[in-house]
Amino acid sequence: MVVLFSGTFARAQDGPEALDKWNPPPPPPAAGLMDDGGLFQRNPSIAANIEDRLAGLNERHDFRIHLVVEPVIITSTPPDLAESLRLAWLPDGNGIVVVYETDTRSLGIGRRMTEDPAGEGPRVPTHVSAVILNEVIADTDKSLPSEEYLEALVTNLTDAFDDYFQRRAIGPPREQSWKLAWAVVAVAVALGLCAIGVAALARLKAVRGERTFHFHPVDRPERLQAPSGASVSSVRFREDGAAEHAQGAAEHVRR
């Protein structure tokens, strides 16, 4: 009970100071690393390596990564704090902010989540940065001590973004470009053939459809011989007129 009370009292005393620390946010760390809790005091070489990598990425590609290490975050969470610092330090979205809470070993990432409709977006598209962050976080060994874990995380992040910028500068391979062009042509040809087939089927259906003939009424009692009434028969329309029909046909032949 005494230990619990002492810890609670200590956190209550640190509360106003913690509130003032992040509101308003402090200036961004010049070297990219903010370690107010002194995590790297026993390993200054690790801190130097992290700062060198962050500075090198910024110099080569104008892309910033800020790492903030805090023992305990009382008034916020690592993701929320990372996003608020990103808005204050990188309002253009050209970079990310990583917040690490050593007490809980929790990680928060602040990055731009949407593209700029005007086309003036960050140097790394949001979907690319999401893929890189997910892969790096998944591949970094979380069982390492905090100092070594953060060093490995920063190393993997800078290597991944370096690789992205290099591949973007080189462009897609020539073979891949030709394959893409042929794929576009093949799709266009296939669509054209489909359109021709649909049109042919529609025309065939129209030709084979049921046809209706309309005959005008005729007020003459004689039958008109085909085609187009070439001659007139004297045979009448009567059920018992078979003989007359034969006689009329004979007369027609004699003519």
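The values are calculated or read from the model by the stated rules, or taken from the named source; none is laboratory data. Here the structure is a predicted model, which is why all the values come from computation and not from measurement. Glycine gets a Cβ as well: all are built from the backbone with ideal geometry, and neighbour counts include every protein chain shown. Note: accessible area is taken over every heavy atom of the protein model, side chains too, but ligands, DNA and RNA are not part of it. Shrake-Rupley method; radii C 1.70, N 1.55, O 1.52, S 1.80 Å.
Odds and ends about this structure:
- Exactly one residue among 69, 99 is touching a Phe, Trp or Tyr at 6+ places or on another chain (Cβ under 6 Å) and within 13 Å of residue 150 (Cα to Cα), and that residue is 69.
- Positions within segment 67-76 being among the β-branched types (Val, Ile, Thr) and surrounded by fewer than 16 Cβ atoms within 10 Å (Cβ to Cβ), in sequence order: 72, 74, 75
- Scan of segment 144-170 for residues that are open to solvent by less than 30 Å² (accessible area, probe 1.4 Å) and not in a helix (DSSP H, G or I), ordered by number: none
- Look at segment 53-77: where a residue is within 19 Å of residue 90 (Cα to Cα) and of a type in the set (Lys, Arg) and a partner is assigned to a helix (DSSP H, G or I) and open to solvent by less than 50 Å² (accessible area, probe 1.4 Å), sitting 6+ places away or on another chain with Cβ atoms under 6 Å, you get 53/154; 53/158; 64/58.
- Condition met for residue 56 (among the small types (Gly, Ala, Ser), at positive phi, open to solvent by less than 20 Å² (accessible area, probe 1.4 Å) and not in a strand (DSSP E or B)): no
- Residues of segment 77-111 classified as charged (D, E, K, R), open to solvent by less than 50 Å² (accessible area, probe 1.4 Å) and assigned to a loop (DSSP other than H, G, I, E, B), total: 1
- Qualifying positions in segment 61-76 - assigned to a loop (DSSP other than H, G, I, E, B) and farther than 30 Å from residue 166 by Cβ: 71, 72, 73, 74, 75, 76
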